[in-house]
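What follows draws every value from the coordinates through simple rules; no lab data is involved. Quantities reported herein were computed from a predicted structural model and do not represent experimental measurements. Neighbour counts run over all protein chains shown; Cβ positions are idealised from the backbone, glycine included.
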Amino acid sequence: MNTKKRITYQDLVAQISPQITEYFPWDIEEKIDNNDDMLFLDVRENQEYDTMHIKNSLHVPRGILETAVEWDHEETEPELVEARDKEVIVVCRSGSRSIFAAFTLMQMGYNNVSSLKTGLRGWNDYELELVDLEGNTVDPELGDKYFANKLLAYQRKPVS
């Protein structure tokens, strides 16, 4: 019989997040207003990024992050490889995947990495600009619909 306690996704986020600097959208807005030089790294999946993202953000899905930050891989992103001393703000939908990605970047030698607390969901709620694949500004109401929780019945934990 296996007596080891199962660790959940939320448990993992809770374990890692104290090690990660997190900024709320309004903190980032202030950094932008101060012309702070930063790189937004969006670690969501392709279809998520294509739908809406922060203008000029670099897109590297979390699944290829470890090879994107190193030379000599098909996934290598030179801008990211060369950003080890630059301020990198990792973003995702809700702020959890970005915690994991920021932790990975720190382990791989990035010196100034943080995560967007609340993710792009909070960014949109605060009505900061998001753009679509063509660079057109996305209406915040469309963002509200897109970022709304869409759990289906079969994805919910069964009632005991």
**Asked** Just one of the numbered conditions (1) farther than 17 Å from Y49 by Cα; (2) among the hydrophobic types (A, V, I, L, M, F, W, C); (3) surrounded by fewer than 19 Cβ atoms within 10 Å (Cβ to Cβ) is not true of V131; which one?
**Response** (1)
**Request:** Scan the range 83-109 residue by residue and report those that are touching a residue at least 40 places away in the same chain (Cβ under 8 Å), over 22 Å from T51 (Cα atoms) and among the small types (G, A, S).
**Result:** A83, A102
**Tally of residues being crowded, with 17+ Cβ neighbours inside 10 Å, outside any strand (DSSP E or B) and either of a type in the set (D, E) or over 12 Å from the mean Cα position of the chain (by Cα) (or both) across the range 17-50** = 5
**Filtered residues of the range 71-82 (kept if assigned to a loop (DSSP other than H, G, I, E, B) and in contact (Cβ under 8 Å) with a residue 12 or more places away in the chain)** = E75, E77
**Asked** If you check every pair at least six apart or on different chains, which have Cβ atoms under 7 Å apart with a residue in the range 126-147 that is in a helix (DSSP H, G or I) first and a residue that is polar (S, T, N, Q) second?
**Response** P140/N124; G143/N124; D144/N124; Y146/T51; F147/N124
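Can you tell me which residue is farthest from the chain's Cα centre (by Cα) among those in the range 1-16 that are charged (D, E, K, R) and part of a loop (DSSP other than H, G, I, E, B)?
The selected residue is K4.
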**Unique residue being free of Cβ contacts under 8 Å to residues at least 24 places away in the same chain, farther than 21 Å from D125 by Cα and of a type in the set (V, I, T) when the list is I20, I64, I32** = I64
**Complete:** Matching residues in the range 51-70 (part of a helix (DSSP H, G or I) and either among the acidic types (D, E) or on the phi > 0 side of the Ramachandran plot (or both)) number 1
